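Inspection log for the structure reproduced underneath, given as C-alpha cells.
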Amino acid sequence: MLIKKVKDLKQELSLPKSLKDALPNISEAAFLAEVDSMAEQAFDDQCTGTNPRAPLIDDLKRLYLAAYYGKIEAF
C-alpha cells in the first residue's frame with residue numbers, strides 16, 4: 001500500500017518513474033558500463049557502513065539497476 005501511495009505521489013508531482021527517465025541524456029549502454037564501478041564506490045562510501053543491513057556490492061548493483069529501470073518492487 002505504501003508503494004502505491006508513493007507511486008501516486010510521484011505521478012501527481014510529475015516526478016520521473018526511474019533513473020532512466022530522470023537522466024535522458026545518459027544512454028542505457030553508458031549507464032550499464034558504469035554500474036559496476038558505481039556499486040563499488042557506494043560500497044566503499046563511509047556512510048554505507050551505517051546501514052542497518054550491510055549490503056554486498058552485488059546488492060548495490062541490483063539496487064542501481066532496479067532504480068534505473070523503475071523496478072523498486074524487487075526489494
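Among the residues of the stretch 4-15, none qualifies, meaning not one is touching a residue at least 12 places away in the same chain (Cβ under 8 Å) and either more than 15 Å from the chain's Cα centre (by Cα) or within 18 Å of residue 71 (Cβ to Cβ) (or both). Out of 66, 39, 30, which single residue is touching a helix residue (DSSP H, G or I) at 6+ places or on another chain (Cβ under 7 Å), hydrophobic (A, V, I, L, M, F, W, C) and without any contact (Cβ under 8 Å) to a residue 12 or more places away in the chain? None of the other options fit; the residue is 66. Using the structure shown, decide if residue 20 is modelled with pLDDT of 95 or more and within 17 Å of residue 73 (Cβ to Cβ). Spelling it out, residue 20 is indeed modelled with pLDDT of 95 or more and within 17 Å of residue 73 (Cβ to Cβ). Can you tell me which residues in the stretch 26-44 are of a type outside the set (Gly, Ala, Ser) and within 16 Å of the chain's Cα centre (by Cα)? Result: 26, 28, 31, 32, 34, 35, 36, 38, 40, 41, 43.
The values are calculated or read from the model by the stated rules, or taken from the named source; none is laboratory data. All of these numbers come straight from a predicted model, not from anything done at the bench. Glycine gets a Cβ as well: all are built from the backbone with ideal geometry, and neighbour counts include every protein chain shown.
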